[in-house]
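The values are calculated or read from the model by the stated rules, or taken from the named source; none is laboratory data. Here the structure is a predicted model, which is why all the values come from computation and not from measurement. A quick note on method: Cβ atoms are made from the backbone with ideal geometry, for glycine too, and the neighbour counts reach across all protein chains shown. Accessible surface areas use protein heavy atoms only, side chains included; no ligands, DNA or RNA. Shrake-Rupley method; radii C 1.70, N 1.55, O 1.52, S 1.80 Å.
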Amino acid sequence: MIATIAAIAVLVFFTVRLSPSDPIASITKGKTVSADTRQALIEQFHLDKSLSEQFIIWLNGMFHGDLGESYQYRQSVSFLIKQRVSTTLGLAALATSIAFALSIPIGIISAVMQDSFIDKALSVFALVFVASPTYLIAIAFMYIFALKLKMFPSIGTGTFRHLVLPASAMALNMVALSARITRQSMIDELQSAYMLTANAKGLSKARAVLVHALRNALIPVITIASLQMGGMLIGAVLVETVFAMGGLGDLLISSIRSSDYPVVQAITMLMVAIFMLLSLLVDILYAVIDPRVRNTA
Amino acid sequence: MKKRLPRALAAILALMLASCTATSAPTQDSDIKTLRIGIDSDILKLDPAYAYDFTTNPVINQITQGLLFFDPNNQLSPHLASSWSTQDNIEFIFQIRDDVVFSDGAPMQMEDVAYSLNRHLDPNVASLLAGNFARVESIEQTGEWELTIRLSDADATFANVLGGTTGHIVQKAFCEEAGSNFGSSAGGLIGTGPYKYSSGGWLTGTSVVLERNENYWNEADAGYYDVLEFLVIKEEATRVNALANGDVDVLTMPPASLLEGMYADSSITMLESPSYGLVFMAFNHAKEPFDNPLVHKAIAHGIDFATIASTLVKRAGSAPTSLPFSLDMAASEPARWAEYLANAPVYSYNPEKAKELLSEAGYESGLEISLMTNEDGLRNSICLAIQEQLDAIGVKVNINRVSGDEHTSYQFGEILDSDGLRAYDILMAGWSGDYPDISSTLQPLYLGGQTANAAAYSNAALNELIEEQLRAVDPSQRNTVLMQAIDIITEEMPYLVVFYPTRSYAVSNKVTGIGTTANWFANVHFQDARPAK
């Protein structure tokens with residue numbers, strides 16, 4: 001894990017510097033500056049040091065919780081991230097909750113009622129949302145629920161109500177895929193031998209499906225959901241833009257556009273850390289769900 | 001066991017959800033009167049030394065004030081200075097008001113004034129406005145309430161600079177104490193304006209909240225609204241929807257591509273004014289044949305700018321002349337300038353003439369050029385029209401669309417080719433003068449060696465005339481020199497004007513009192529806003 005993070009740190013640091021633009025130009029917004037000012041900035045941002053020295057300074061700072069200073073904002077990167085991370089994490093968490101709350105029942109119903117009219121209708125519903133870009137759903141949601149029905153604010157952040165529309169827009173795309181996987185996975189489980197046993201033991205169908213089959217069927221669903229959740233942190237930029245929420249994705253994009261290396265590096269590393277944390281959590285969840293995993297571990 | 005899984009899931013999600021409530025919303029107390037203003041990008045810093053763009057300025061202008069300001073008729077007027085004078089355009093003497101108070105209640109002192117202006121000269125501040133003080137030799141207190149600024153070389157336009165954010169005053173003690181934290185979200189700033197900033201009010205990328213300054217020194221000018229909330233809305237359609245939906249009351253930058261619909265919406269009042277800007281095509285003089293005036297004129301005759309203005313630009317601007325500024329920029333003798341314009345050369349749409357000029361320049365068989373632009377929708381449509389029109393005179397245009405920041409780097413000469421020269425044939429870009437004076441367009445665009453001189457153009461006679469007009473003390477004499485300079489420009493046409501942009505503000509019908517002038521960049525003051533009856 002440490003090796004992975006180190007390798008990614010090297011990769012991130014050196015690839016962002018492949019860009020042809022001049023960091024001083026990014027700091028001064030392309031304004032003409034005197035030689036003295038230029039020199040002062042070069043020293044302030046350690047640009048007079050070699051790349052490998054700059055790398056060491058960055059790495060050392062990171063271990064001490066100092067992510068450097070943003071070129072575009074001229075304030076501490078950790079402060080910028082702190083201000084924005086809650087919006088994005090909140091969005092991802094709510095979107096995942098909504099996605100789970102919808103996709104698992106849909107998947108179960110489809111599996112139990114396999115090939116019925118309801119199953120087919122849900123399939124079409126899922127297909128439509130899998131094919132619709134989040135951006136489009138976001139705009140449609142804003143139009144219907146904010147502008148026409150006035151149920152939610154159209155822009156901004158801060159309260160739970162602000163999160164509902166953007167998180168729902170993000171969730172729908174995820175619901176579609178998760179529901180399909182839950183369905184397939186449930187169908188496999190429903191056909192397995194232990195379901196026959198359960199039936200023979202006289203277990204109610206609901207109990208057999210919801211307790212026994214569902215638990216086994218969840219493993220692939222959780223795998224996909226964890227990947228989707230990681231992707232959402234970046235994918236959130238679309239709804240963040242549409243709903244003017246200014247989260248982490250928005251900061252990353254604006255930093256890439258203005259060659260704000262320290263911010264790009266910090267967010268990328270943060271994403272890597274979150275991805276790794278998520279996969280660790282998934283491993284733990286596997287163990288919770290499946291005793292076999294626990295015993296081998 | 002069977003309940004453990006849902007619980008574990010719920011716990012993780014609850015943890016993440018809890019994090020989103022960490023940023024608490026400003027409490028919506030119905031007694032607090034809030035004016036919400038939609039801006040199109042985040043501000044750069046809470047520091048007048050960094051206020052040099054269309055979003056940072058409207059925020060900073062509510063918090064800090066300048067020695068001078070532009071009145072609603074765009075006349076330079078006293079503000080924190082009670083008067084100013086100069087005999088030779090070298091030594092500028094300001095009488096400073098003794099009754100000004102900062103938002104924390106402390107009186108403004110001479111040391112605050114001298115300190116604030118000197119910040120632009122400090123390399124460690126790295127002021128974005130340092131260029132405005134390039135000729136400043138010294139800034140000194142010369143009397144109890146008198147400040148003298150000495151220039152190294154005459155500059156007839158210098159006082160204008162102090163009407164903008166360059167002349168804004170911040171509190172020295174606060175600034176020194178905050179150190180490198182000054183101007184950040186946590187650090188903030190203290191000024192003398194009708195609104196004040198409290199630490200944490202700037203949620204980067206999202207909003208800036210200002211509160212009314214209860215210690216404001218100029219009672220007659222106090223704001224009506226208790227709170228100004230600037231909301232960053234980057235997406236164009238969202239910005240317009242937010243106004244239509246009542247989520248914001250004002251948009252400072254209504255998107256050009258959606259103007260028509262906004263004019264049609266009866267719940268919105270559109271305020272518009274001419275600007276000091278131009279959108280231009282710069283011929284890169286570092287590359288052949290773009291240094292050849294015959295080619296400039298051929299292309300000028302090959303493009304139907306009048307039709308482009310009426311069918312594409314529409315409300316976003318007005319049709320060009322051969323002058324690199326609209327007459328709103330003329331600081332004095334407007335009638336004389338109108339007459340000058342009437343006699344200036346006209347390069348109207350004439351494909352036959354264009355072909356003649358091209359063959360005279362040695363390109364009878366045609367020419368292939370690249371035209372660089374940014375992602376702006378309107379400019380892209382214009383480029384397509386130009387591509388089609390120039391094709392008819394045998395000029396093949398390749399449109400090279402680059403991202404906004406990359407485009408800016410090209411425009412200001414930060415991206416150069418391996419020979420250290422500007423790396424485009426023709427660049428479509430924009431420029432906006434900082435103050436109502438022709439010189440604020442002439443100097444940056446036409447003086448040799450300036451970073452904003454996207455044409456990489458330099459003409460010794462013109463350079464000398466630009467310097468000479470800065471020395472002229474008599475305005476009429478100065479106009480004579482300016483006209484000689486523009487004679488050269490209209491003959492060589494290193495830039496073609498595409499259109500003169502119109503500035504607009506979109507205001508909800510629920511709000512009144514906000515005015516707009518060509519100089520709104522420097523002086524829109526939201527303290528004048530009131531709810532409409």
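For A:K49, a cut-off of 18 angstrom between C-alpha atoms picks up these aspartates and glutamates, skipping any fewer than 8 places away in its own chain: A:D22, A:D36, A:E69, A:D260.
Helix A:77-112 axis versus longest C-alpha principal axis of chain A: approximately 20°, rounded to the nearest ten.
Report, in whole Å, the centroid distance computed from the Cα atoms of segment A:231-272 and segment B:88-104. Each part's Cα centre sits 43 Å from the other's. Along segment B:212-218 the Karplus relation, 6.51 cos²θ - 1.76 cosθ + 1.60 evaluated at θ = phi - 60°, assigns HN-Hα couplings of 5, 7, 6, 9, 4, 6, 10 Hz to successive residues, with x for each Gly and Pro. Here's the picture: charge each Lys and Arg Cβ at +1 and each Asp and Glu Cβ at -1 in segment A:84-296, and of A:L136, A:L102, A:P166 the one pushed furthest to the positive end of that dipole is A:L102. Using a cutoff of 8 angstrom between alpha carbon atoms and counting only pairs six or more residues apart, the relative contact order for segment A:31-105 works out to 12 percent. Here the Karplus relation 6.51 cos²θ - 1.76 cosθ + 1.60, evaluated at θ = phi - 60°, turns the backbone of segment B:239-248 into coupling constants of 4, 5, 4, 4, 6, 4, 8, x, 6, 10 Hz, with x for every Gly and Pro. Loop sites here are trypsin sites (Lys or Arg not before Pro) outside DSSP states H, G, I, E and B with no more than 16 other Cβ atoms within 10 Å. The longest part of chain A free of them is A:151-297. For the protein assembly as shown, with all protein chains present and a 1.4 Å probe, just round the carbon and sulfur fraction of the accessible area to a whole percent. Accessible surface attributable to carbon and sulfur in the protein assembly as shown totals 57 percent. The simple Förster model, with R0 at 35 Å and r as the Cβ-Cβ distance, assigns A:V293 and A:V124 a FRET efficiency of 0.50. Modelled spin-label separation between A:L277 and B:E219, with each label point placed 7 Å from Cα along the Cα-to-Cβ direction: 5.4 nm. Around the Cα centre of segment A:84-296, unit charges on the Cβ atoms of Lys, Arg, Asp and Glu (plus for the first two, minus for the last two) sum to a dipole of about 460 debye.
Only helical runs count toward this figure. For chain B, summing -39,500 (n - 2.57) over DSSP H runs of n ≥ 4 and dividing by all residues gives -8500 deg cm²/dmol at 222 nm. Computed with a 1.4 angstrom probe on protein heavy atoms, the B-A interface buries about 4700 square angstrom of accessible area in total. Residue-wise, which Karplus ³J(HN,Hα) couplings in Hz belong to segment B:454-466, taking 6.51 cos²θ - 1.76 cosθ + 1.60, θ = phi - 60°, and x for glycine or proline? With the stated coefficients, segment B:454-466 comes to 5, 8, 6, 9, 8, 10, 4, 5, 5, 4, 5, 5, 5 Hz.
List the longest stretch of chain B that has no exposed loop site; here a site is one of the GluC sites (Glu not before Pro) assigned by DSSP to anything other than H, G, I, E or B, with at most 14 other Cβ within 10 Å.
In short, B:376-533.
The angle separating the long axis of helix A:117-131 from the principal Cα axis of greatest extent in chain A is about 10 degrees. Per residue, segment A:2-63 exposes 56 Å² of solvent-accessible protein surface, assessed with a 1.4 angstrom probe and all protein chains in place. Per residue, the accessible area of segment A:84-296 comes to 42 Å² when a 1.4 Å probe rolls over the protein heavy atoms.
When only alpha carbons are used to place a centre, segment B:327-376 and segment A:102-163 end up 54 Å from one another.
The slack in the chain from B:K314 to B:E111, taken as 0.36 nm per residue of separation less the alpha-carbon distance, amounts to 68.1 nm.
Segment B:139-186 and segment A:42-65 have Cα centres lying 33 Å from one another. Counting only lysines at least 8 places from B:K45 when in the same chain, those with an alpha carbon closer than 19 Å to its own are A:K29, A:K31, A:K82, B:K172, B:K196, B:K234.
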